[in-house]
1. Please state which of the following conditions SER28 fails to meet, knowing it meets all the rest: (1) over 21 Å from PHE111 (Cα atoms); (2) hydroxyl-bearing (Ser, Thr, Tyr); (3) touching a helix residue (DSSP H, G or I) at 6+ places or on another chain (Cβ under 7 Å).
2. For residues that are closer than 17 Å to VAL67 by Cβ and in contact (Cβ under 8 Å) with a residue 12 or more places away in the chain, tally how many sit in the stretch 124-140.
3. Find all pairs meeting these conditions: Cβ atoms under 6 angstrom apart; at least six residues apart or on different chains; first residue within the stretch 78-98 and within 14 Å of VAL114 (Cβ to Cβ) and without any contact (Cβ under 8 Å) to a residue 60 or more places away in the chain; second residue part of a helix (DSSP H, G or I) and not charged (D, E, K, R).
4. Based on what the data block shows, is ARG37 free of Cβ contacts under 8 Å to residues at least 12 places away in the same chain and either closer than 17 Å to VAL114 by Cα or under 17 Å from the mean Cα position of the chain (by Cα) (or both)?
5. Here is a check on your reading of the model: is THR89 more than 27 Å from ALA169 (Cα to Cα) and either open to solvent by 40 Å² or more (accessible area, probe 1.4 Å) or outside any helix (DSSP H, G or I) (or both)?
6. Residues in the stretch 28-72 that are in a loop (DSSP other than H, G, I, E, B) and either of a type in the set (Val, Ile, Thr) or open to solvent by 50 Å² or more (accessible area, probe 1.4 Å) (or both): how many?
7. Conditions: (1) surrounded by 14 or more Cβ atoms within 10 Å (Cβ to Cβ); (2) farther than 26 Å from TYR138 by Cβ; (3) modelled with pLDDT of 95 or more. LEU20 meets all but one. Number of the miss?
8. On the basis of being at pLDDT 55 or above, among the aliphatic types (A, V, I, L, M) and loosely packed, with under 12 Cβ neighbours inside 10 Å, does LEU153 make the cut?
Amino acid sequence: MSGRLPIWTAFLANCVVAGLTCAARGWSAAGAHAAARNTARFSALWFIVAFAAPGLVRIVRSLPNEVRLIQAFVVAHIVHFAAVVAVLTKFEPEHVARNVTQTVLVVLVGFSIVMVAGLTARPRASRLYTTVHKVTLYAILLIFALAFLHNPLKPLRLMGVALILALVARLTSRMAFWTATVEKTSVSL
């Protein structure tokens, strides 16, 4: 996949996830909540691949670049945010009315973290820019990991394991490069 194909794939596929969930469960509070959960899980899959991309590229040469994968995650997660807004406005207006500040804060902070990760995905020379990008990626990793590792449905805890493996893949991608560089220089001596 190249160009914008991963982005459109993530967006359309998560719209399908939301639509199929509502079709199966009905347009009700339970169906809308299920759609919000399923769209979050689907976007988490995109995040796992995007986060692990530096390590996965050694195994899957045709993998789109990390920037496109992060952007694909962002659009998939925007579909999740739309599902959450639908739940809150259509089926949970009393909850929102009782907890306006908390609800707005949670949605805005979550949305902001995801958007900053997407907006800073393209590498720049600025250390601050790079640091902000890394902090947002690791914040998203932490949020997903906590959500999945503490999920009452035990099969979904495997997503937490996948997030940990993505972290390992990301961290070891640099080590492998460093090791190869050291071996080349020691051979030439």
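1. (3)
2. Result for the stretch 124-140: 5.
3. Once the first residue is within 14 Å of VAL114 (Cβ to Cβ) and without any contact (Cβ under 8 Å) to a residue 60 or more places away in the chain and sits in the stretch 78-98, its partners that are part of a helix (DSSP H, G or I) and not charged (D, E, K, R) give PHE81/PHE111; VAL84/ALA36.
4. Numbers: free of Cβ contacts under 8 Å to residues at least 12 places away in the same chain: yes; either closer than 17 Å to VAL114 by Cα or under 17 Å from the mean Cα position of the chain (by Cα) (or both): yes.
So ARG37 fits the description; yes.
5. Details: more than 27 Å from ALA169 (Cα to Cα): yes; either open to solvent by 40 Å² or more (accessible area, probe 1.4 Å) or outside any helix (DSSP H, G or I) (or both): yes.
Yes.
6. Pass one, the stretch 28-72, residues in a loop (DSSP other than H, G, I, E, B): 28, 57-65.
Right, trim to either of a type in the set (Val, Ile, Thr) or open to solvent by 50 Å² or more (accessible area, probe 1.4 Å) (or both) and you get 57-62, 65.
Number of matching residues: 7.
7. For LEU20, the failing item is (1).
8. Working: at pLDDT 55 or above: yes; among the aliphatic types (A, V, I, L, M): yes; loosely packed, with under 12 Cβ neighbours inside 10 Å: yes.
So LEU153 passes the test.
The values are calculated or read from the model by the stated rules, or taken from the named source; none is laboratory data. Being a predicted model, the structure only gives us computed values, none of them experimental. No Cβ is skipped: glycine too gets one built from the backbone with ideal geometry, and neighbour counts run over all protein chains shown. Just the protein is used for accessible areas: all its heavy atoms, side chains included, with ligands, DNA and RNA removed. Shrake-Rupley method; radii C 1.70, N 1.55, O 1.52, S 1.80 Å.
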